[in-house]
Amino acid sequence: MEEGFKSNPFYYRLYGDYALFTDPVTKGGGEKYTYQVPTYQAIKGITEQIYWKPTLEYFIDSVKIIKKIQTETKGIRTPLKNGGNDLNYYTYLRDVEYLVQFHFEWNQNRPELVEDQDEIKHEQILLRSITKGGRRDIFLGTRECVGYVERIREEQFKAVPTYYDGKKVSFGI
């Protein structure tokens, strides 16, 4: 088993009309309010939707927020067990775009997969998967928020400015 292996970095653009990144504790029902930015685990899950193998472990190195953070509240009718429905308000992120940099390492918890640790093979499959928009459907937090991925190169990642470059940002903390 190759110890300390780290792949070259990969890059993709992630975007969609809406996103709803919530705390699992708040998913029980009623109103849902999105985080202002996706969590590390959300981006890692999206990366796994592009190409997943138990041989690999993904690590998110950097995420750039390209568009201004905007929210939109929608009234959603949810069905009740008695056949009626209820009106709940969900606050979504609207018109989102992120650039993601990540790499993979071999999953040290799966020593039986050492024969599958072929860097070039997984790199090529991963690049083809990003180019095709992922192997599975991409969702931005919840199933109703469809996302899209596009392969980008390192130069593009570095050259594209974020909306917040040079702006003073206050998070009200």
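Nothing in this text is a laboratory measurement; each read-out follows from the coordinates by a stated rule. Since the model is a prediction, treat every value here as computed from it, not as a measurement. Heads up, the Cβs are rebuilt from the backbone with ideal geometry, glycines too, and the neighbour counts pull from every protein chain shown.
Among the listed pairs Lys44/Lys167; Lys32/Lys74; Lys64/Lys167; Lys44/Lys64; Lys32/Lys167; Lys6/Lys67, a Cα-Cα separation exceeding 19 Å is found for Lys44/Lys167; Lys32/Lys167; Lys6/Lys67.
Among the trypsin sites (Lys or Arg not before Pro) in region 96-133, those placed in a DSSP loop whose Cβ has at most 14 other Cβ atoms within 10 Å are Lys132.
The ratio of the alpha-carbon radius of gyration of region 1-89 to the globular-protein estimate 2.2 N^0.38 Å is 1.48.
Rounded to the nearest 5, the antiparallel percentage of DSSP beta bridges internal to the chain is 95%. For mean projected area of the Cα convex hull in nm², the candidate list reads (i) 11.6; (ii) 10.5; (iii) 13.0; the entry that matches the value derived from this model is (iii). The chymotrypsin sites (Phe, Trp or Tyr not before Pro) of region 95-137 include none that meets both criteria, a DSSP state outside H, G, I, E and B (loop) and at most 12 other C-beta atoms within 10 angstrom of the site's C-beta. Volume of the convex hull of region 45-138 (Cα atoms only), normalised per residue: 157 Å³.
Could you give the longest part of the chain that holds none of the GluC sites (Glu not before Pro) found in DSSP loops with at most 11 neighbouring Cβ atoms within 10 Å? Formally, the longest exposed-site-free interval is 32-173.
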